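Right, one structure below, let's go through it.
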């Protein structure tokens, strides 16, 4: 990691690379803007896996036929508090952002807005969708299913995705409170890192290809049978999240969902997003003060030995954000070279 | 005291479910509760005990009854709507029991979801929620996906912390099915609950690793230290994160004067508990005809059932399946209770002029 030289880029610079490329790949202006903004946000929060590199995934998936860039985002069905959106195999970030935007609009009048999305491509980082609600002064919740990675609790064959979900709330003096988690005990990134470093997995993380629990990260990666967080509790959560996504959205569910590596196959992911307007409950200032008080009380909890201080969910990512806003986001130089070459392929001027 | 496995312990007395419910109703009637609300108390407590949540069942008759007698909870439901919009209602329970205020709140969410597709109710100033599954199931029985959360008294430190700050936040999600029973996830966010610590202590056994902290925040396997200490969130930092966000949806959003570590245990009788609750009802008809939805849930249940079980596992279940089976047997054959519990119930009844028989 340290061997790879990086270049510090501002938010505007990241966006100036992403937006024209997304347009050149074929995304309509509004969808390209949504996608570029989400990439900037993820880069800022130290999650580059959901940042600029995804441009290649969008290019490859759209060329191979797995991703549709020309989507009509008009909801299929609507009430004054809900909507059903068919993403028509469009990019998941656009689907999730637009769905949350609709939920926020509904919540302005109804107090609560809920939107389900069918036929989406992979949804990338879930935290962005509640963030969309948070920016509108609301509490946001987003849940997705994914390509099967977990057996049901007690089983040995994969049936459920790792069912990522995120919840966010606005704040006054603190960065927004954004909790973003998968329903598996370990995420894929940690698993790959353990395998790369030859580290043993802790108990309760994965099965091998015979269905027995394993602490061998390489065997776990090979078998791809993750165990749920918190054992049977997380296993139950994964099933209920499938009901709210794949089942409620009415198209593909469980093993019908396809992974992003299969470039020419549509993913068929579903989402459930919800916005709750705290102004329907109490004054907005009072709500923000209460969230801040919750955060302050967590911060003032005495840390156990070996812990520097007690954090709220998502705080380490918010820490990246404050540093990167000031000093720029470190982007690997080789990634920038590949992006520069791509600009050349499209006849675009390199914006940096 | 736990009996979630459904086994009948040696020496247990079988109490007819109808008798437990009837006794509960008579107790709360005698303590000044109107008949309909006493019926809700009886229904909830019997449901919890029959479903294997023994600690949320019959013993609560005495604890809740004592709350009324000390003035910490109100026998009269004065739950009032504080504000509402098309899809949401905020209610102040004014110290009415969650078994009553929670039902009113979930009924409102169900009604509004019927009109608008999805609706939320939030309740403040109520008591410990009992079995959250009971509320979520109210929605599923009316053809809706239901979710219910509460903020529990502080039982866990924040992740990496050493002082109790946040509850283990029970919550439940239920979905209707077609051929199958509703799917019902009913859980708390701690690796282990207080009642289990008590069981280990009674049996003189050590706890497994990773389920408890002592009073200074260090991991312990001693159940006595755990009871004086703190719980560990399920799934580590993930469960902690969920607990924080559930506090936002309950205590923060309700506007309750007290939230987080100011919520008190049900056994603290000198003040109201100030629990908050969050209820969500979603009509599947927001996206498809109801029949199509329950067919889809049935296929999900079938897929889970046909999963090859791991070594040592008899078969793979969906959430709530085993406790529903236990409850069916108990509603028919009676609910096993230790003789000491029956004696305590009879003793409490005698104090307020309500015979056990």
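The values are calculated or read from the model by the stated rules, or taken from the named source; none is laboratory data. Since the structure is predicted, the reported quantities are computational estimates derived from the model, not experimental observations. For neighbour counting, all protein chains shown are included, and Cβ atoms are generated from backbone atoms with ideal geometry for every residue, glycine included.
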The range B:122-161: number of residues that are part of a strand (DSSP E or B), over 14 Å from the mean Cα position of the chain (by Cα) and at the interface with chain A (Cβ under 10 Å from one of its Cβ atoms)
4
Subset of the range B:129-144 [surrounded by fewer than 24 Cβ atoms within 10 Å (Cβ to Cβ) and closer than 21 Å to residue B:94 by Cα]:
none
All positions within the range A:328-346 that are touching a residue at least 24 places away in the same chain (Cβ under 8 Å), in contact with a helix residue (DSSP H, G or I) (Cβ under 9 Å, 6 or more places away or on another chain) and either closer than 17 Å to residue A:23 by Cα or part of a helix (DSSP H, G or I) (or both):
A:335, A:336, A:338, A:339, A:342, A:343, A:346
When residue B:313 is evaluated against the numbered criteria (1) assigned by TED's automatic domain parsing to the domain that holds residue B:143; (2) at pLDDT below 95; (3) more than 30 Å from residue B:153 (Cβ to Cβ), which criterion, by number, is the only one it fails?
(1)
Can you tell me which residue in the range A:290-317 is surrounded by the most Cβ atoms within 10 Å (Cβ to Cβ), limited to those that are more than 8 Å from chain B (Cβ to nearest Cβ) and within 24 Å of the chain's Cα centre (by Cα)?
A:295
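Could you list, in sequence order, the residues of the range A:144-169 that are more than 10 Å from chain B (Cβ to nearest Cβ) and over 16 Å from the mean Cα position of the chain (by Cα)? Lay out the reasoning, then the answer.
Residues of the range A:144-169 more than 10 Å from chain B (Cβ to nearest Cβ): A:144-150, A:161-164.
Of everything in the range A:144-169, those that are more than 10 Å from chain B (Cβ to nearest Cβ) and over 16 Å from the mean Cα position of the chain (by Cα) turn out to be A:148, A:149, A:150.
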Residue count, the range B:277-322, condition facing another protein chain (nearest Cβ under 7 Å), in contact (Cβ under 8 Å) with a residue 24 or more places away in the chain and in a loop (DSSP other than H, G, I, E, B), comes to 2
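Residues of the range B:145-166 being touching a helix residue (DSSP H, G or I) at 6+ places or on another chain (Cβ under 7 Å) and surrounded by 24 or more Cβ atoms within 10 Å (Cβ to Cβ), which ones?
Passing the criteria: B:145, B:146, B:147, B:148, B:149, B:150, B:151, B:156, B:158, B:159, B:166.
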Any chance the range A:180-188 includes a residue that's modelled with pLDDT of 95 or more and more than 27 Å from residue B:303 (Cβ to Cβ)?
yes
Look through B:18, B:2 and report the one residue that is modelled with pLDDT under 95, over 30 Å from residue A:282 (Cβ atoms) and out of contact with any strand residue (DSSP E or B) (no Cβ under 9 Å at 6 or more places or on another chain).
B:2
Residues being over 16 Å from residue B:98 (Cβ atoms) and either modelled with pLDDT under 95 or in contact with a strand residue (DSSP E or B) (Cβ under 7 Å, 6 or more places away or on another chain) (or both): count how many of those fall in the range B:28-66.
5
Qualifying positions in the range A:4-57 - more than 21 Å from residue A:324 (Cβ to Cβ) and part of a loop (DSSP other than H, G, I, E, B):
A:26, A:27, A:28
Within the range B:219-236, track down each residue that is closer than 27 Å to residue A:237 by Cα and either facing another protein chain (nearest Cβ under 9 Å) or crowded, with 19+ Cβ neighbours inside 10 Å (or both).
B:226, B:230, B:231, B:232, B:233, B:234, B:235, B:236
By residue number, the members of the range B:327-338 that are in a helix (DSSP H, G or I) and crowded, with 19+ Cβ neighbours inside 10 Å are B:327, B:330
Looking only at the range A:270-285, decide whether some residue is under 17 Å from residue A:15 (Cα atoms) and either at the interface with chain B (Cβ under 10 Å from one of its Cβ atoms) or in contact (Cβ under 8 Å) with a residue 60 or more places away in the chain (or both).
no
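Do we find that residue B:79 is farther than 30 Å from residue A:80 by Cβ, more than 10 Å from every other protein chain (Cβ to nearest Cβ), at pLDDT 95 or above and under 20 Å from the mean Cα position of the chain (by Cα) in this structure? Walk me through it before giving the result.
Details: farther than 30 Å from residue A:80 by Cβ: no; more than 10 Å from every other protein chain (Cβ to nearest Cβ): yes; at pLDDT 95 or above: yes; under 20 Å from the mean Cα position of the chain (by Cα): yes.
Answer is no for this residue.
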Any idea which of (1) surrounded by fewer than 24 Cβ atoms within 10 Å (Cβ to Cβ); (2) under 20 Å from residue A:145 (Cα atoms) is the one residue A:4 doesn't satisfy?
(2)
